[in-house]
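What follows is a short report on a single structure.
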Amino acid sequence: MKSLAVAAGILGVVSAVSTTAAAQVTPDSSAVVLLRAGKIFDSERGVMVPDQDVLVRDGRIEAVGADLAATPGATVIDLRGLTVLPGLIDAHTHLFYLEHPREDLSLGGIKALILEGTPLRTLRAAARARTFLEAGFTALRDLGNVGPYADVALRTAIEEGSLPGPRLFVSGPGLSPPGGQFPGIVWEHNALAGEEYRIVRGPDDARQAVIEHVTQGADVIKIYADNDPNPGYLSMQELDAIVAEARVLGVPVTAHATHDRSIRLAARAGVDAIEHAYEVADSTLALMAAQGVALVPTDLDSLSVFRYIERSGQEMPPWEEVEAFLEPRRERLRRARAHGVTIVAGSDNYIDFGVPQGEAAKRVLFAYLEAGMPAAEILQAATIRAARLIGDEDLGALRPGAHADIIGLEGDPLEDFTALERVRFVMKDGEIVSGGP
Ligand SMILES: [Zn+2]
């Protein structure tokens, strides 16, 4: 061991010297890319801007503007046939968990823990992460159902370049009332829930859970304000303890909350965002808007509902029935926007729809469109707003200093939203993932 360490030390010195020597001879221009971008999406203002170029150096955007000069040796890529956007962000994914429409959370969750296991889950998660990148998502916030911090490991592997994938912001196991989201588990096997969720027992334990997670590398604390389909709730004292400790440690908190009561309690505690909010009163939406609590509406579009029904083997219901099922969620999205709640895009996609998971997740943007959200606002929800919620302002915008996470679509999504299905160019961290020269 010792001799290896010495050898590594010598190698380190040698490579440091040679890098310096190379830098002194000629600057490395291979990392400079000039995108003749044409039409680009200004996510801050929510508008398209024509005739723009984007200069990328060492993974960052150096300049954006008309007729930028190409640095000698820069790679020039013509994207003027496409519409150029910041890379998309999905603020609610589950890379480590995929459920067939014939299963439920208990069956799927127990299968994942006992028959699949962490190594296989992680390998599959890595493959799914790649489908997101190919679909134009350059960053994801992955929110639990990951076993014991396998999400942290995957984030590290992608970050160091061992695997292709979007940037990951991860939560570790979600903090939940007893039972997690596994309804119907008999008492003698109750401990299983604790393998997939961090079960919280009182305010002191809640505080400990936050410290454990941050110590293990979590970027965000995911909590289950309610653990629907189980009947539990985190108490006000537990919620307060979690938010207080997370503030001290500088990590955001996001709350799974499907019912009005749990949404209200979590908003009152000061979480950064509410996930789902399927049933929510106007007064609670007003509280969220006043407190600056974002909403991540993890909604299905009509195509996903049809795919789900088809794969579950049920008889296809009439169109009106599907619309009637979807309308309450659309209506609450309209109410949330009317109250001034910030909407951030997140799919919560964990269903096997028979298409690559990145494509399945993207349907959430179409769900927002079906609810009447303007296309420009949807793009903002999936770029700059998601970046702000995640807490990385260098994402979600095409501006000097930002990460060079950039995609190109065939068509303009403000005129034809289906352009989002036609991702023809993906760059992450200044490196071309697909669609290059
Ligand atoms: Zn979820």
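The values are calculated or read from the model by the stated rules, or taken from the named source; none is laboratory data. Quick caveat, the model's predicted, so the values are computed rather than measured. Quick reminder, even Gly has a Cβ in these numbers, built from the backbone with ideal geometry, and neighbours come from all protein chains shown. What goes into the accessible areas is simple: the full protein's heavy atoms, side chains included, and nothing from ligands, DNA or RNA. Shrake-Rupley method; radii C 1.70, N 1.55, O 1.52, S 1.80 Å.
If packing is taken as the average number of other Cβ atoms within 10 Å across a peptide's residues, how do 202-211, 224-233, 130-139 rank, most packed first?
130-139, 224-233, 202-211
Mind listing P(r) for the chain? All alpha-carbon pairs, 20 Å bins, whole percents.
Pairs per bin, as whole percents: 25, 55, 19, 1.
What's the center-to-center distance, using Cα atoms, between segment 71-94 and segment 289-334 in Å?
Between the Cα centres of segment 71-94 and segment 289-334 lies a distance of 30 Å.
At 222 nm, what value in deg cm²/dmol follows for the chain if DSSP H runs of at least 4 each add -39500 (n - 2.57) and the sum is divided by all its residues, to the nearest 500?
Result for the chain, helices only: -12000 deg cm²/dmol.
Just order 346-354, 76-84 by mean Cβ neighbour count inside 10 Å, highest at the front, would you?
Highest-to-lowest ranking by the protection proxy: 346-354, 76-84.
Tell me whether segment 47-179 comes out rounded, prolate or oblate; compute the Cα gyration tensor, take square roots of the eigenvalues as a ≥ b ≥ c, and use a/c under 1.5 as the rounded threshold.
Prolate is the answer for segment 47-179, as a/c is 1.5 or above and a/b outweighs b/c.
Restricting to the chain, what percent of DSSP beta bridges are antiparallel, rounded to 5?
45
With only Lys, Arg, Asp and Glu charged, each at its Cβ (+1 for the first two, -1 for the last two), find how big the charge dipole of segment 88-390 is about the Cα centre; round to the nearest 20 debye.
The calculated dipole for segment 88-390 is roughly 680 debye.
Can you give me the Cα centroid spacing of segment 169-203 and segment 382-421 in angstrom?
If we compute the Cα centre of each part, the gap is 35 Å.
Hand me the tally of lysine pairs in the chain: alpha carbons under 28 angstrom apart, and the pair either on different chains or 8 or more positions apart.
Here the count comes out as 7.
Roughly to the nearest percent, how much of the accessible area of the chain is carbon and sulfur, given a 1.4 Å probe?
Whole-percent figure for carbon plus sulfur exposure: 55.
Enumerate by residue number the GluC sites (Glu not before Pro) in segment 195-250 meeting two conditions: DSSP loop (anything except H, G, I, E, B), and at most 16 other Cβ atoms within 10 Å of the site's Cβ.
none
Taking the highest mean first, how do the peptides 392-405, 258-271 order by number of other beta carbon atoms within 10 angstrom per residue?
258-271, 392-405
Roll a 1.4 Å probe over the protein chains and send me the accessible area per residue for segment 53-212 in Å².
40
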